[in-house]
1. Whenever you get a sec, compute what percent of the accessible area on the chain sits on carbon and sulfur atoms (1.4 Å probe).
2. Gap in Å between the Cα centre of region 130-188 and the Cα centre of region 363-391?
3. For residue 76 paired with residue 139, estimate the spin-label separation in nm (one decimal), with each label point 7 Å from Cα along the Cα-to-Cβ line.
4. Calculate the length of the line joining the C-alpha centroid of region 311-350 to that of region 92-120, in whole Å.
5. If the limit is 20 Å between Cα atoms, which of 159/191; 191/281; 53/86; 373/420; 191/420 go over it?
6. Counting helices only, and only those DSSP H runs with n ≥ 4, report the 222 nm mean residue ellipticity of the chain as the sum of -39,500 (n - 2.57) divided by its residues, in deg cm²/dmol to the nearest 500.
7. Please identify, among 71, 133, 269, the residue showing maximal mean-square fluctuation in a Gaussian network model of the chain using a 10 angstrom Cα cutoff.
8. Along region 383-397, what does the Karplus equation 6.51 cos²θ - 1.76 cosθ + 1.60 (θ = phi - 60°) give for ³J(HN,Hα), rounded to whole Hz, x for Gly and Pro?
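The values are calculated or read from the model by the stated rules, or taken from the named source; none is laboratory data. It should be emphasised that the depicted structure is a prediction, and the values quoted were computed from it without experimental measurement. Don't worry about glycine lacking a Cβ; one is built from the backbone with ideal geometry, like all the others, and counts go over all protein chains shown. Remember, those area values only see protein heavy atoms, side chains included, never the ligands or the DNA or RNA. Shrake-Rupley method; radii C 1.70, N 1.55, O 1.52, S 1.80 Å.
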Amino acid sequence: MENEDLRNLPYMLYADKEGQIYDHPYFRMAGFLRSSPSPLKTEDLIPLPEFSKLFFIPDCPPIGLDPSTGAYKTVSEIEVDGVVTKCLAVAAFPEPGLVRSHLPAVDYSPKSYTLPMWAYTAVGFMDGSYWAAGFRIEYNHKWDPKNYDDRELVPAIEKYRKEYGSGPLVEHLINCATVNHCFAAKNLFLKRWEAPLPVSQACNAACLGCLSFQSEGSCEASQDRICFRPSTREIVSLSVTHLNQAPEPIMSFGQGCEGEPLTEYRLIAESIREIRKRTGKGTINLNTNGSLPERVREVANSGLDSIRISMNSARPEFYRAYYRPKNYDFEDVVESIALSKEMGLYTMINYLVFPGITDQEKEIEALMGLIQKTGVNFIHLKNLDIDPQLYLEKMPTDPSPGIGMRRMTAMLKAELPDTKLGYFNQPVR
Ligand code: SF4
């Protein structure tokens, strides 16, 4: 890139030890694919949406781009008016619906802790605005943070309790809505769109980035895992109420605050049969790791409408390194995807993407092969929430360069015209 172009890039951000964020007067923003700088083009940049978050990364200096030389430089400190400030890296967590194209450019070598689970994204500042490295894959007003005003939520919860009473699951979801700020839980009380049905305490995997369970010595889990088994009666009553009254209703088993729902496949199948005896409205969905095909068959036979099966990679060795599966393997997941499609479920993959790995040629090849073999309807391109350094440490080595997340997405669109790309579960009834 010409120096002129480099000067058109946003300025690098840095923070002081209190977390106050500044734009650097000279260095420009840089971005990483895996653990090395990769040129940022202006078309890679998008204004950071309003409800995105900004983080500073303690102990770790940012890496910026020198617009005169095009060289990348670790910027450990800055002197302003004779005051020297230690510079700490800054990253963004974009609103839902955006796919990050670059990781933040950070020197992680001083770090001795594990970052909490967020999708850290490269961010800079220019013309009075923050700019993130990414692109929008789907806009959906039902997941737009602007449409979640908690001043409406609290009275809605009180009204819900008065109208329908309460129970362990409702109380759990009140905590999810008010403490974890789960949009799906808020929707239950706001009587609209997609609502959650967490049911499982156990899991047969040990994902590095599990939101509800993290082992000793790692970072804190993002939310507490449900610690009881809801009753069929409570699941059925709140589902039938929601499916009958909410616009575009979806009831989803498999949430961030639980283990693997297939460990409770009998409870789920029985609940779906009872729900469908009472209403034919809306969509009943299952978010799962897809580890047990025969249990997927049982739940599908009970009246399920759609399924979303998660994976971080279509390469078995990368999958195993992240999911650390117990008594199942990648082939079982592929079998569940194929079976779901055969049984007429709207079949989605929750593809946990990571710039520099997801856009490697071997990964794209493996993904294309999987989609062509199974005929998946929809791919969620979900930014993987994890400490980038931890993920790269644990993944198998493949030094081949990434082609870029935007180019990878364009290839998927061109080669797989029957498979939709997006970010959110889709109502199918
Ligand atoms: S499959 Fe889900 S519950 Fe199980 S370890 Fe992974 S993220 Fe956690």
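1. Result for the chain: 50 percent of the exposed heavy-atom area is carbon or sulfur.
2. 27
3. 4.5
4. Here the answer is 26 Å between Cα centres.
5. Over 20 Å apart, Cα to Cα: 53/86; 191/420.
6. Helices in the chain give a 222 nm mean residue ellipticity of -9000 deg cm²/dmol.
7. 71
8. For region 383-397, the Karplus-derived couplings read 4, 6, 7, 6, 5, x, 5, 4, 4, 5, 5, 8, 7, x, 7 Hz, x marking Gly and Pro.
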